[in-house]
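Colleague: Below you will find the structure I want to go over with you.
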Amino acid sequence: MEKATLAKLEHLAAEIRIDSIEAIRKVGSGHIGGSLSIADLLAVLYGKQMKYDPKNPEWEERDRLVLSKGHAGPAWYSALAAVGFFDKSWLGTLNEGGTRLPSHPDRTKTPGVDATTGSLGQGTSVAAGIATGLKMQNKDSYVYLVVGDGELNEGQCWEAFQYLAHFKLSNCIVIIDENKKQLDGTTQDILNPFDIAEKMRAFGFHTTKVKGDDLTAIDEAIDECKAVKDQAVCIVLDTIKGQGVKFFEEMDANHSVKFDSEAVQTATDEALKELKAKERA
């Protein structure tokens with residue numbers, strides 16, 4: 001990746017983190033951990049890999065993103081605002097009555113959102129259906145399916161994966177955010193996922209695993225998947241819940257964070273200061 005492109009993606013990732021944190025803090029609580037763990041992925045998708053037109057969100061030739069882990073909506077909204085789908089002022093209305101940015105994505109409300117998600121597991125089937133439709137229409141567009149590792153507790157995910165693998169739908173790039181924590185604790189303790197990459201290979205997927213904060217590695221993994229035409233494809237992102245902000249990474253209960261103490265507010269101010277310095281660099 002060229003140095004200028006990498007710098008652009010680093011700035012975008014910082015912007016997504018800043019805007020996600022500020023929007024969630026304004027609400028008073030929200031899904032910080034899983035939003036921050038996909039900030040780098042979203043920067044690569046919207047900063048380099050995806051085909052889209054903010055002025056024409058329904059453009060037929062666009063790529064689609066299905067955020068099956070819909071609780072990370074704040075990060076997606078921040079990415080969409082950053083690239084011009086709507087004005088950034090919308091971010092301040094997150095989860096308010098009458099908002100166009102509900103806590104979980106709704107395709108009838110938000111420009112750039114192609115699938116309503118939030119009931120975990122269902123986005124996998126939606127993405128498989130979209131990929132099937134695009135293939136039947138001979139479109140060369142991609143579907144990017146973003147799934148959480150805790151979400152893989154849902155059997156529906158594995159039914160959809162089996163379908164994708166059987167029909168060799170390489171136009172659906174499955175991206176699993178392996179941040180190793182879910183609502184009630186670690187994925188290891190709640191329901192051991194074992195080796196997710198090996199499981200996906202066993203299901204028939206061409207699978208690669210990369211560090212989820214390595215923008216170049218994420219970009220190269222997507223290129224690798226796009227080169228595969230006769231097999232389902234998957235990228236496992238090795239991430240940390242709260243990724244990119246040390247305070248949130250180290251917080252025990254960081255699936256959903258409440259901004260109800262001076263300690264959290266002070267640490268958040270410091271984190272935002274550091275992120276804004278990165279964004280300006």
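Colleague: With both bridge residues required to lie in the chain, what share of the DSSP beta bridges run antiparallel, to the nearest 5%? Don't skip to the answer; put the middle values down first.
Modeller: Details: 4 of 27 bridges.
Within the chain, antiparallel bridges account for around 15 percent of the total.
Colleague: Just order 236-243, 169-176, 224-231 by mean Cβ neighbour count inside 10 Å, highest at the front, would you? Can you show the working numbers first?
Modeller: On the way: 236-243: 24.0, 169-176: 25.6, 224-231: 13.8.
Per-residue Cβ counts within 10 Å, averaged per peptide and sorted highest first, yield 169-176, 236-243, 224-231.
Colleague: At A281 and S256, where each label point lies 7 Å from the Cα along Cα→Cβ, what is the point-to-point distance in nanometres?
Modeller: Taking the two extended label points, one gets 3.4 nm.
Colleague: Let me ask another. Between K246 and N138, what FRET efficiency follows from the Cβ-Cβ distance if R0 is 51 Å, with the result rounded to 0.05?
Modeller: Working: r = 47 Å, r/R0 = 0.93.
Computed FRET efficiency for K246 and N138 comes out at 0.60.
Colleague: Can you give me the accessible area per residue for the range 18-101, using a 1.4 Å probe, in Å²? Could you put the intermediate results ahead of the total?
Modeller: Working: 2730 Å² over 84 residues.
Accessible area per residue: 33 Å².
Colleague: For the range 195-265, with the dipole built from +1 on Lys and Arg beta-carbon atoms and -1 on Asp and Glu ones, taken about the Cα centre, which of Q231, I196, V257 lies farthest toward the positive end?
Modeller: Going by the Cα projections, it comes out as Q231.
Colleague: What lysines does K258 reach when the alpha-carbon gap must be under 21 Å and sequence neighbours fewer than 8 apart in one chain are set aside?
Modeller: K26, K69, K180, K181, K241, K246, K273
Colleague: Leaving out ligands, DNA and RNA, what percent of the accessible area of the range 1-94 is carbon and sulfur, probe 1.4 Å? List each step's numbers first, then the result.
Modeller: Working: 1540 of 3200 Å².
Exposed carbon and sulfur together represent 48 percent of the surface.
Colleague: For S35, what accessible area in Å² do you get when you roll a 1.4 Å probe over the heavy atoms of the protein chains, rounding to the nearest 10?
Modeller: In the full protein context, S35 sits at about 0 Å².
Colleague: Please find, in a Gaussian network model of the chain (springs between Cα atoms separated by less than 10 Å), the residue of T208, T108, T124 whose mean-square fluctuation is greatest.
Modeller: T108
Colleague: A follow-up question, please. Taking a probe of 1.4 angstrom, what is the accessible area of E2 in Å², to the nearest 10?
Modeller: Here the accessible area works out near 140 Å².
Colleague: Same structure, new question: Expected output is a single nm value to one decimal: the length gained when fully extending between F194 and L272, i.e. 0.36 nm times separation in residues minus the C-alpha distance. What is it?
Modeller: Values: separation 78, 0.36 × 78 = 28.08 nm, distance 3.49 nm.
Full extension from F194 to L272 adds 24.6 nm.
Colleague: Here's another thing I want to ask about it. Dipole of the chain (Lys/Arg Cβ +1, Asp/Glu Cβ -1, origin at the Cα centre): which of G112, S37, I176 lies farthest to the positive side?
Modeller: Checked the options; the winner is G112.
Colleague: Follow-up question, since we're still on this one. Leaving out ligands and nucleic acids, and using a 1.4 Å probe, what accessible area per residue does the range 159-281 come to in Å²?
Modeller: Numbers: 6370 Å² over 123 residues.
That works out to 52 Å² for each residue.
The values are calculated or read from the model by the stated rules, or taken from the named source; none is laboratory data. Since the model is a prediction, treat every value here as computed from it, not as a measurement. Cβ: placed from backbone, ideal geometry, glycine included. Neighbour counts: every protein chain shown. Ligands, DNA and RNA are stripped out before the accessible areas are found, and what is left, the full protein with its side chains, is counted by its heavy atoms. Shrake-Rupley method; radii C 1.70, N 1.55, O 1.52, S 1.80 Å.
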